[in-house]
Amino acid sequence: MARLFRNFRFVLQVVNSTNQSTKRYLQANVTDNAQKVAVAVKHPDTFETRKDMPPEDMRPLYMDTQSTTPLDPRVLDAMLPYFVGSYGNPHSRTHAYGWESEAAVEKARKQIADLIGADPREVIFTSGATESNNIAVKGTARFYKSKKNHVITTQTEHKCVLDSCRALEAEGFRVTYLPVQPNGIVDLKVSLELLIYLYNQMELLTNKSKLLLPVQPMNNDLKLRATNRFFYWIIPYLNDAQNQFGHIINMKDDLLYIVDKNDFGQRVGALYIRRRPRVRVEALQSGGGQERGMRSGTVPTPLCVGMGSACAVAMEEMEYDHKRTVELSNRLLHKVQDAIPQVIRNGDPDMTYPGCINLSFAYVEGESLLMALKDIALSSGSACTSASLEPSYVLRAVGADDDLAHSSIRFGIGRFTTEEEIDYTADLTVKHVTRLREMSPLWEMVQEGIDIKQIKWSQH
Amino acid sequence: MGSRSKALALYKQILQESKKFTSYNYRNYAIRKTRDEFRQNKEVTDPQKLKDLFKKAKDNLEIVQRQVLVGQMYDGGRLVFNLEHFVYRYW
């Protein structure tokens, strides 16, 4: 409406104006304006839109920053030139297009290395988390196969780690999946004993110096950070930094993978491979030998530039964002937990990434709550498994009861989340959990003081 | 023009441009970030640091101007949220 009025005023001025050049100028401006509106993409063409797609002025709030984050405008601004004018292949060494792209990619590599406290030569670009993990797990395992053939990982790793390990098992490697404590962190004592037991069984534990070095529980959600290069660890310290990237400083791991879809950047990944002492990997992909032979294939310049710029922004904003994320996360938690009883937060309360809140609402079915919270884009688990109704295997590994695992919902808080969104989400969640519980016969029984766990359900 | 009035003018200009973001989240972030950043550096007097900050502010102003345009061209639509309409209309 305002725009119409503005245009109308312009036209009036044009009519009143006697000066020909002003008239032309204004007309040009008006048509420019009109063109801008006409050029705007209203509905992106999708092959088939769902019938329950919300209308354009009813978009849900975005609270699923663990699956991906909105792109930071600063990052898009850095990327756009490489989508438009500078389209060279960064591996072309014979002309200016190649040189400028190469310089941009190298700058991005430096920015990533700076964020994780590494040398730029230790960072290689990949297509994302899955490829990074595949190279890290399978690549290293295959390279050291003659000397080391035991892989140790945890039960809560991402699917791409677990599946790579399964593939290695088929190739003849021995794989141990360490259990985790209820807070999601590996119990060092138990794990150590378990490993020693395993090795005693295999009569391999011959040399004391080969014993485990201390393994430190890591400051993130449901992940293990291990430090050992003498023992039979083939993934010496593979670290999944996906969801806390931008909140970590100076990790000294052998391998570290980062994906910037979770840090307001574009969808590309990087893998850190330590140089000293050197960790070597066998390439999975054969080809032109790009990325020092470890990942053949042309590097996508704009995406890498975006990742580098996302790292640079993250480095600058780390403190600011972290403070705000903690604030918002506490706000949401308190609002929900103060209003309704029996809300359990999954994961360790302290050693966790504040931007990810995984809540279990007892006696409420997670899927029905998700359906009720249509105005908020949420998820019950990772995007990879969001098609199935099965509860997350991570929640099972941490020992959550089946009914609680079924009722879990993940709230993600990002750089662009606002207080109003948090309040809206909390209010709506409280409203619907209360409503669903009022309908639930189980909740009624609990209110009457019946212990649900003691009931013997008869089977028909 | 003293650096104080220069900073104030720049601050105002960035805020004005930030209010044009069609996306509710980007708009709020830009406004909040600009406000916090200028407040945080209110007391800076070191000329070199001032120069750097002015450069950063100008770069960011340009980014905001460009990204507002991009946002208008590829508008994702409005959020459900009632406040959104309010904020969008009256800012």
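Can you tell me which residue within the range B:27-51, out of those that are exposed (fewer than 13 other Cβ atoms within 10 Å of the Cβ) and among the charged types (D, E, K, R), is nearest to A:Val75 (Cα to Cα)?
Ranking the candidates gives B:Asp36 first.
Across the range A:412-454, what is the number of residues that are in a loop (DSSP other than H, G, I, E, B) and within 14 Å of chain B (Cβ to nearest Cβ)?
Number satisfying all stated conditions: 6.
Look at A:Val175 and say whether it is farther than 20 Å from A:Arg396 by Cβ and assigned to a strand (DSSP E or B).
The answer is no for A:Val175.
Quick test for you: out of B:Leu79, B:Leu69, pick the one residue that is facing chain A (nearest Cβ under 10 Å) and exposed (fewer than 14 other Cβ atoms within 10 Å of the Cβ).
Answer to the check: B:Leu69.
Restrict the check to the range B:45-60 and report whether at least one residue is under 10 Å from the mean Cα position of the chain (by Cα) and within 12 Å of chain A (Cβ to nearest Cβ).
Looking for residues that are under 10 Å from the mean Cα position of the chain (by Cα) and within 12 Å of chain A (Cβ to nearest Cβ), one finds at least one in the range B:45-60, hence yes.
Going by what's in this entry, would A:Ser164 be described as surrounded by fewer than 23 Cβ atoms within 10 Å (Cβ to Cβ) and of a type in the set (Gly, Ala, Ser)?
Criteria not met by A:Ser164.
More than 25 Å from the chain's Cα centre (by Cα), of a type in the set (Lys, Arg) and over 23 Å from B:Arg66 (Cβ atoms): which single residue out of A:Arg50, A:Arg121, A:Arg109, A:Arg59 fits that description?
A:Arg50
Is it fair to say B:Tyr24 is within 26 Å of A:Asp57 (Cα to Cα), modelled with pLDDT under 90 and not small (Gly, Ala, Ser)?
Taking the combined requirement at face value, the residue satisfies it.
Assess whether A:Leu404 counts as being more than 14 Å from chain B (Cβ to nearest Cβ), assigned to a helix (DSSP H, G or I) and closer than 18 Å to A:Val336 by Cα.
Yes.
Within the range A:85-103, identify whether any single residue is within 30 Å of A:Arg410 (Cα to Cα), within 29 Å of the chain's Cα centre (by Cα), surrounded by fewer than 18 Cβ atoms within 10 Å (Cβ to Cβ) and modelled with pLDDT of 80 or more, and answer yes or no.
Scanning the range A:85-103 turns up no residue that is within 30 Å of A:Arg410 (Cα to Cα), within 29 Å of the chain's Cα centre (by Cα), surrounded by fewer than 18 Cβ atoms within 10 Å (Cβ to Cβ) and modelled with pLDDT of 80 or more.
With the requirement that a residue be away from every other protein chain (no Cβ under 14 Å) and either farther than 19 Å from A:Gly355 by Cβ or assigned to a helix (DSSP H, G or I) (or both), what does the range A:60-84 give you?
The answer is A:Tyr82, and nothing else.
Within the range A:116-169, how many residues turn out to be hydrophobic (A, V, I, L, M, F, W, C) and part of a helix (DSSP H, G or I)?
13
Can you spot a residue in the range B:17-26 that is exposed (fewer than 15 other Cβ atoms within 10 Å of the Cβ), at the interface with chain A (Cβ under 10 Å from one of its Cβ atoms) and not hydrophobic (A, V, I, L, M, F, W, C)?
The answer is no; no qualifying residue exists.
Assigned to a helix (DSSP H, G or I), closer than 24 Å to A:Thr298 by Cα and not acidic (Asp, Glu), is that true of A:Asn89?
no
So which residues in the range A:322-352 are at pLDDT 90 or above, part of a helix (DSSP H, G or I) and aliphatic (A, V, I, L, M)?
Passing the criteria: A:Leu328, A:Leu332, A:Leu333, A:Val336, A:Ala339.
Filter the range A:320-342 down to residues that are more than 19 Å from the chain's Cα centre (by Cα) and either outside the structural domain of A:Tyr353 (by TED's automatic domain parsing) or on the phi < 0 side of the Ramachandran plot (or both), then give me how many there are.
15
The values are calculated or read from the model by the stated rules, or taken from the named source; none is laboratory data. Since the structure is predicted, the reported quantities are computational estimates derived from the model, not experimental observations. Positions of Cβ are generated from backbone atoms using ideal geometry, with glycine treated the same way; all protein chains shown enter the neighbour counts.
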